Each structure stands twice: as structure tokens, then as C-alpha cells.
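This report concerns only the one structure given below.
The values are calculated or read from the model by the stated rules, or taken from the named source; none is laboratory data. What you see is a predicted model; the values in this text were computed from it and never measured. Cβ sites come from the backbone with ideal geometry, for glycine too, and all protein chains shown count toward neighbours. Heavy atoms of the whole protein, side chains included, go into the accessibility calculation; ligands, DNA and RNA do not. Shrake-Rupley method; radii C 1.70, N 1.55, O 1.52, S 1.80 Å.
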Amino acid sequence: MKAKVYVTLKSSIHDPQGATILQSLLSLGFDHVDGIRAGKYFEVELSHQSVETARPLVEQMCEKLLANTVIEKYHYEIDE
């Protein structure tokens, strides 16, 4: 079983990395890009048998280590 965790800055937090990427895309001629936010992606291999038992563990991982919940938000998917 694999959990895919996506972590991004909250919309109220300035994203300098995203701003730099946006400027680079615009300078490369990608004129139709209005904004971009950078983030983190994690793949977590789990040995649990069910999504119901894996879900609370993934939540704890995100809350305790993978995301700084003061400035970041996260969501995840669990593939069996």
C-alpha cells in the first residue's frame, strides 16, 4: 500500500519559490501561466492491510513531520 502526500504552502503565505518559477516560465515564453505554487510530494510505503488503518497513521505523519501545519496544508491519497 502506498500513500501519496502533497504538501503546499497555505494560500495566505507568500511563495518565493513559486514566484521565481513563474518568472522563469514567463521568460521562456509560457505567457499563459498566471501563477504557480511550489510544494513537496512524498510517497510513503505502508505495510497495513486496509485504508482504514493506514489513514490515521498518514494523518499523524503529516501533522508531526511531513507538513508544517502553521504555514502549509496537505492532502493525500492511499493506493492499495
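Somewhere in segment 7-17, is a residue β-branched (Val, Ile, Thr), over 20 Å from Asp79 (Cβ atoms), open to solvent by less than 70 Å² (accessible area, probe 1.4 Å) and assigned to a loop (DSSP other than H, G, I, E, B)? Yes: segment 7-17 contains one or more residues that are β-branched (Val, Ile, Thr), over 20 Å from Asp79 (Cβ atoms), open to solvent by less than 70 Å² (accessible area, probe 1.4 Å) and assigned to a loop (DSSP other than H, G, I, E, B). Can you say whether Glu80 is touching a helix residue (DSSP H, G or I) at 6+ places or on another chain (Cβ under 8 Å), in contact (Cβ under 8 Å) with a residue 40 or more places away in the chain and open to solvent by 80 Å² or more (accessible area, probe 1.4 Å), as far as the supplied structure shows? Yes: the conditions hold for Glu80. Candidates are the residues of segment 18-58 that are within 17 Å of Thr8 (Cβ to Cβ) and part of a helix (DSSP H, G or I); the one that is most open to solvent (accessible area, probe 1.4 Å) is Thr20.
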